Every structure is written in C-alpha cells, then in structure tokens.
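The values are calculated or read from the model by the stated rules, or taken from the named source; none is laboratory data. Predicted model, so just to flag it, every value in this text is computed and none were measured. Cβ placement follows ideal geometry from the backbone for every residue including glycine, while neighbour counts extend to all protein chains displayed.
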Amino acid sequence: MLRRSLVALATCIAALASLPVTAASAADDEGEASFDGGTIELDDGSWDGARACAVVADGVECFATEAEMNAWLAAGAGAVPGSAEGQTFQRGALSQVATMALSCSSTLRLYEHGGFSGRTLFFSSRAQWFNLGDYGFSNRTSSFRVGACTSYLADYNNGGGGWFPGSGAFASVSVMSGWWNDRINSIYIV
C-alpha cells in the first residue's frame with residue numbers, strides 16, 4: 001500500500017515538473033469571444049452584457065447566464081457520462097500529463113463575487129497557463145470551483161508570484177480569504 005502511494009506521488013511530481021511555463025492566448029483574435037450571434041471583446045473587462053464565458057479549444061463562447069452556458073457545455077462540449085452535474089470535459093488529444101489525464105477530467109470555474117455569484121469564467125483545457133487579463137478577469141476572482149484535477153491559481157501572469165493554497169481536486173471556495181480576494185491573474189489545470 002505504501003509502495004503504491006509512493007509510486008503515485010512520484011508520478012504526480014514528475015507530471016508537475018513537466019508543466020510548461022508558456023501561457024495560452026485568449027483566442028486567435030486576442031480577447032474576442034462569440035456572444036449572442038456576434039463578437040465581443042473580453043480583454044477590456046466589459047463583457048458587453050455577457051455573464052458567463054467558456055474558454056474551450058475552439059475559442060471563447062459567452063452567454064447571458066451561467067445556466068445557458070451549462071446547457072451549451074452539456075450539449076456541445078460533451079458531458080462526462082455518469083459525472084456529477086456540471087462536470088464537463090474538453091475532447092481532444094492527451095496532454096503532457098497523460099497519466100493524470102487517464103484518471104480525471106476537469107474543469108475550473110472562477111466567479112467574480114463571493115458565494116459563486118457574478119460573472120463566471122469556465123476553463124476545461126489543461127496543461128497550459130491562461131492569463132486572466134486576456135478575458136477581462138484579472139484581479140476579479142472572489143470564489144471558485146475546481147473539478148477532478150488540481151488547478152493552480154497564481155498571483156501574477158504565467159504562474160508567477162504566489163499560488164493560492166487550497167485549489168486541489170474538487171476544491172470549492174465560496175469566499176477567498178485575506179489578500180487573495182481579487183488577486184488571481186493566471187490559472188493552470190493539471
């Protein structure tokens with residue numbers, strides 16, 4: 001039992017050591033997202049009436065409500081059969097951390113206000129840093145929910161600065177404490 005635990009720990013450490021330090025672009029068109037049949041700019045922070053945006057492999061899709069986004073994710077991004085409600089995954093190639101990809105599919109939801117309220121930013125792509133300024137969400141996270149894989153929430157772009165403690169698998173933080181409230185600038189899903 002101890003040997004298996006040590007092997008699993010070594011595998012996780014090796015996967016973490018291979019994390020790339022490059023950041024992903026918001027979309028091919030720098031901060032643009034689809035919303036209500038048109039295109040909006042996210043990086044200016046206004047979101048033009050959108051309240052929930054999903055960052056997926058094909059770009060960024062925004063919606064008037066989180067419920068509309070959830071329905072779109074369930075229909076279009078592929079709900080995990082038998083998963084808990086709201087747990088979705090991005091279809092695509094295995095990431096660099098293939099050993100972990102085989103054991104979990106994951107999402108990360110950031111919320112603008114405490115209590116999982118305000119605007120919502122959803123991520124499902126893994127093994128890359130996302131700078132929240134590309135989505136108009138720098139220094140705006142007050143609560144979050146992590147899916148099945150550990151996520152890292154960093155103080156600065158590209159994973160720089162301190163990392164919020166307590167963003168492991170299935171973490172759910174209703175109110176970010178202390179100076180961490182509205183301080184997150186980049187995220188990474190393992």
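Points worth noting:
- Annotation: ALA74 fulfils all but one of (1) part of a loop (DSSP other than H, G, I, E, B); (2) modelled with pLDDT of 75 or more; the unmet one is (1).
- From the options ASN139, ASN157, residue that is of a type in the set (S, T, N, Q), surrounded by fewer than 23 Cβ atoms within 10 Å (Cβ to Cβ) and over 22 Å from VAL175 (Cβ atoms): ASN157
- The criterion of at least 1 residues that are over 19 Å from SER177 (Cα atoms) and at pLDDT 95 or above is met by the following strands (runs of 3 or more DSSP E) wholly inside the range 114-156: 117-123, 129-131.
- Flag if SER125 is without any contact (Cβ under 8 Å) to a residue 60 or more places away in the chain and out of contact with any helix residue (DSSP H, G or I) (no Cβ under 8 Å at 6 or more places or on another chain): no
- Hits in the range 56-71 - residues which are assigned to a helix (DSSP H, G or I) and not small (Gly, Ala, Ser): GLU66, GLU68, MET69, ASN70
- Scanning the range 147-163 for residues that are without any contact (Cβ under 8 Å) to a residue 60 or more places away in the chain, among the hydrophobic types (A, V, I, L, M, F, W, C) and farther than 23 Å from TRP47 by Cβ yields a count of 2.
- Residues that are farther than 18 Å from ARG126 by Cα, modelled with pLDDT of 90 or more and in a loop (DSSP other than H, G, I, E, B) within the range 166-185 comprise SER174, VAL175, MET176, ASN181, ASP182, ARG183, listed in sequence order.
- Taking the range 39-61 as the range and being free of Cβ contacts under 8 Å to residues at least 60 places away in the same chain and surrounded by 20 or more Cβ atoms within 10 Å (Cβ to Cβ) as the test, the residues that pass are ILE40, GLU61.
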